[in-house]
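Below you'll find the structure, written out as structure tokens, and then a few comments.
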Amino acid sequence: HAAHQQSSLWSEYQAGSDEAYLRRLQILQALPEAIERRDLHLHYQPKLASASGQVLGVEALVRWQHQQLGVVRPDEFIPLAEQSGDILRVSRWVVETALNQQQLWLEQGYKLHMAINLSAVDLQSEQLVEFIQAQLQQRHLPPQQLTLEVTESAVMADPQLATARLQQLRAIGVKVALDDFGTGYASLAQLKQLPIDELKLDQSFIRELPTNSQDQVIVHSTLALAHALGLQLVAEGVEEAAAWQLLRDFDCDTVQGYYFSRPLAAPELIHWLQQQAPQLQQALQQKESEQ
Ligand code: C2E
Ligand code: MG
Ligand code: MG
Ligand code: MG
């Protein structure tokens, strides 16, 4: 009986992994055409000043809707695109599309900072810096209104190369953020030398912030560290009012998360800016006047 149970578990495991393998294969096959088929979209998630609730800008997050595969999450296809090399084209498309949107919003009277995610493979590209600069200049967009987010693990894949590239990017005036901070392996010595403007503390430290005293210690001391190094701290994954309250108490600079808004398509983002964003600030002011 035990042997039977074991073998049926084994076949389940095999079937599961075959399915996952097949899906990865299908994603790899479909990737090169995703852009031409207009299957990629960008969603935008607001980033807010923690103290005031003022909307500072948005982070562009890529979405892929495939006819057969359904919604393919970036966590699923970005690593595969990195392996296949398709990431370079995806990233170019993301930069062009996000900057087009930023320019359009500017014309409509919405001045929003734009944050774009780059991968380790993008940092290896010799053309990256020139490309970004050209895209900004074509649209007459100020480089200071663009942040490029790279994960701590992407930087740690080749710290020397990443440092040189990030330096070049900052030299053209764009800002750099270290994403998912706390999940990679940057030493304090390396952190001190990295040419960055912003630390984005990984969501795993924020998710249970109101109830987890260890997370509170981590967030509090990371804030002290960030500020001592002259860096802004962004908390991502804020899902509750209580987490935002703590982050305000801790003097965190910037907040982002489902509590404020999920990533939204451009028209919905504008709707959110007009409807929800003012309410957030009003609620905060009311709260402060009560205290
Ligand atoms: P990330 O850059 O750290 O982005 C934050 C992720 O957390 C996003 O997932 C966002 O939707 C999600 N998120 C935001 N607030 C909350 C919250 O309060 N609770 C929870 N549970 N989740 C929240 P998404 O859009 O699925 O993206 C996942 C990752 O994929 C990103 O992590 C980023 O590393 C990568 N990615 C997304 N778009 C791009 C892109 O255009 N280029 C590159 N290279 N990578 C991208
Ligand atoms: Mg990011
Ligand atoms: Mg992150
Ligand atoms: Mg992430």
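The values are calculated or read from the model by the stated rules, or taken from the named source; none is laboratory data. Please read all numbers here as calculations on a predicted model, not as lab measurements. So basically every Cβ, Gly included, is an ideal-geometry build from the backbone, and we count neighbours across all protein chains shown. For the accessible areas, the whole protein counts, side chains as well, though only heavy atoms, and no ligand, DNA or RNA atoms are used. Shrake-Rupley method; radii C 1.70, N 1.55, O 1.52, S 1.80 Å.
Worth a mention:
- Cβ separations smaller than 7 Å between residues 6+ apart or across chains give the following pairs from the stretch 270-288 residues that are closer than 12 Å to Val55 by Cα to residues that are outside any helix (DSSP H, G or I) and open to solvent by 90 Å² or more (accessible area, probe 1.4 Å): Gln281/Gln54.
- Among the residues here, Asp180 qualifies as within 16 Å of ligand 4 (Cβ to nearest atom), open to solvent by 20 Å² or more (accessible area, probe 1.4 Å) and modelled with pLDDT of 95 or more.
- Residue pairs meeting the criteria (Cβ under 7 Å; at least 6 apart or on separate chains; first surrounded by 14 or more Cβ atoms within 10 Å (Cβ to Cβ), in the stretch 30-52; second part of a helix (DSSP H, G or I) and among the hydroxyl-bearing types (Ser, Thr, Tyr)): Leu31/Ser84; Leu42/Thr97
- Test: residue in the stretch 175-190 that is part of a helix (DSSP H, G or I), within 16 Å of ligand 2 (Cβ to nearest atom) and not polar (S, T, N, Q): no
- Condition check for Ser204: within 16 Å of ligand 4 (Cβ to nearest atom), part of a helix (DSSP H, G or I) and under 24 Å from Ser50 (Cβ atoms): yes
- Residue, nearest to ligand 2 (Cβ to nearest atom), within the stretch 133-152, restricted to residues that are part of a strand (DSSP E or B) and open to solvent by less than 10 Å² (accessible area, probe 1.4 Å): Glu149
- The set of residues in the stretch 124-183 being touching a helix residue (DSSP H, G or I) at 6+ places or on another chain (Cβ under 8 Å) and basic (Lys, Arg) consists of Arg139, Arg165, Lys175.
Let's see how each residue does on (1) small (Gly, Ala, Ser); (2) in a helix (DSSP H, G or I):
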| residue | (1), (2) |
| --- | --- |
| Leu225 | no, yes |
| Gly230 | yes, no |
| Val234 | no, no |
| Val238 | no, no |
| Phe260 | no, no |
| Lys287 | no, yes |
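- Every listed requirement among (1) within 23 Å of Arg38 (Cβ to Cβ); (2) part of a loop (DSSP other than H, G, I, E, B); (3) acidic (Asp, Glu) is met by Glu126 save one, (1).
- Among residues of the stretch 53-87, those that are open to solvent by less than 50 Å² (accessible area, probe 1.4 Å) and over 13 Å from the mean Cα position of the chain (by Cα), counted: 13
- Residue within the stretch 204-221 that is within 15 Å of ligand 1 (Cβ to nearest atom), of a type in the set (Lys, Arg), under 20 Å from Ala120 (Cα atoms) and touching a residue at least 24 places away in the same chain (Cβ under 8 Å) present: no
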